[in-house]
Amino acid sequence: MVTITDIAREKFEQERRRQGLPNLGIQVGFVYGCGGAGFRVIFSKDPQGSHLVDVDGIRIALDAESRQRLDGMVIDWVTGPDPGFVIRHPDAVLVEFC
């Protein structure tokens, strides 16, 4: 269902340590907008949602709509001049979060 690349998992662990929040997780919501559908993704001190999953030690909270549409989602880290986390999904535009 949800995959986290090795580099994204490493960067997420670094962020947990930086913030001093061992329970830091990710909150995912499905949104519709003028440009189509996508995901709203934020770090959360206390991830909550209708469905909680643990992917390689990272708690991810999903709302009901997200849960139905997340098959194939990959959380990744991109490098370069504007490094950061990204969500890749075959049915959505690229989503960045921090």
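Computed from the coordinates by the stated procedures, all read-outs in this text should not be read as laboratory data. These numbers come from a predicted model, not from an experiment. When we count neighbours, we look across all protein chains shown, and the Cβ atoms used for this are built from the backbone with ideal geometry, even at glycine.
Give the residue list of trypsin sites (Lys or Arg not before Pro) in the range 1-48 that are DSSP loop and have at most 12 other beta-carbon atoms within 10 angstrom.
Numbers: sites: 9, 11, 16, 17, 18, 40, 45; in loops: 45.
Here the sparse-neighbourhood loop sites are 45.
Which semi-axis lengths, in whole Å and largest first, follow from the square roots of five times the eigenvalues of the Cα gyration tensor of the chain? Numbers along the way, then the final one.
Details: eigenvalues 81, 55, 28 Å².
Taking √(5λ) for each eigenvalue gives 20, 17, 12 Å, largest first.
Multiply the residue gap between residue 17 and residue 64 by 0.36 nm, knock off their C-alpha separation, and tell me the result in nm, one decimal place.
13.9 nm
On average, how much area does the Cα convex hull of the range 25-76 cover when viewed from any direction, in nm²?
On the way: hull surface 15.3 nm².
Computed as one quarter of the Cα hull surface, the answer is 3.8 nm².
Explain nothing, just the number: relative contact order of the range 4-51, from Cα pairs under 8 Å at least 6 residues apart, as a whole percent.
On the way: 45 pairs, mean separation 15.0, N = 48.
After rounding, I find 31 percent.
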